[in-house]
């Protein structure tokens, strides 16, 4: 079945760029997602990319998809302290069930 | 549009007690999920359902049971709570049958078993 993996922790300085990486095993995903979880809250959709795209830009967010290597990344430009959160990538298996990674905790230092 | 609603938001149980967590969604989603989230462990799937009347085991199903008698509700039961079940529980729903698989999450239930 689908397996989605992420690194657990990333620390950056305010104003720098953050890059959060994710690898997945099942290539049947039509969409790949990034979710954000702020402290004490549930996950909320941050952005997504359609599987036939290799890049999507949305304001400070850039999603890169390398289908050959099954690698997804989320770049946050000009990272702010409000971006401190846990970021989850997610893909679908062949029956549309979502599979989440373990989450990457992003800490933004002033 | 309420999205996904979990009740209760907080609960303290004594070891051996039972309880049911309720998840309700109003988006006509086919799939519903129960996760637990522990520090440093990310999200772990407990059980899920791909439609009314169906349930399936996830990654960590032991000690939990679920039911999906109505499409909009997914119940998670703890028959005999243990301290190891202290966690934050999240319900989610997804897939409206048209190919849209975006998931929506509830706000979580913080459960402490003493």
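What follows draws every value from the coordinates through simple rules; no lab data is involved. Not measured: the values here are computed from a predicted model. All Cβ positions, glycine included, derive from the backbone under ideal geometry; neighbour counts span all protein chains shown.
Top mean-square fluctuation among A:70, A:97, A:56, Gaussian network model of chain A, C-alpha springs under 10 Å? Residue with maximal mean-square fluctuation among A:70, A:97, A:56: A:97.
For region A:83-106 versus region B:56-113, the inter-centroid distance based on Cα atoms is 16 Å. Once the Cβ-Cβ distance of residue B:112 and residue A:71 is raised to the sixth power relative to R0 = 45 Å, the FRET efficiency obtained is 0.70. Treating r as the C-beta distance of residue B:2 and residue A:7 and R0 as 41 Å, the FRET efficiency rounds to 0.75.
Distance between the 7 Å Cα→Cβ label points at residue A:41 and residue B:10: 2.0 nm.
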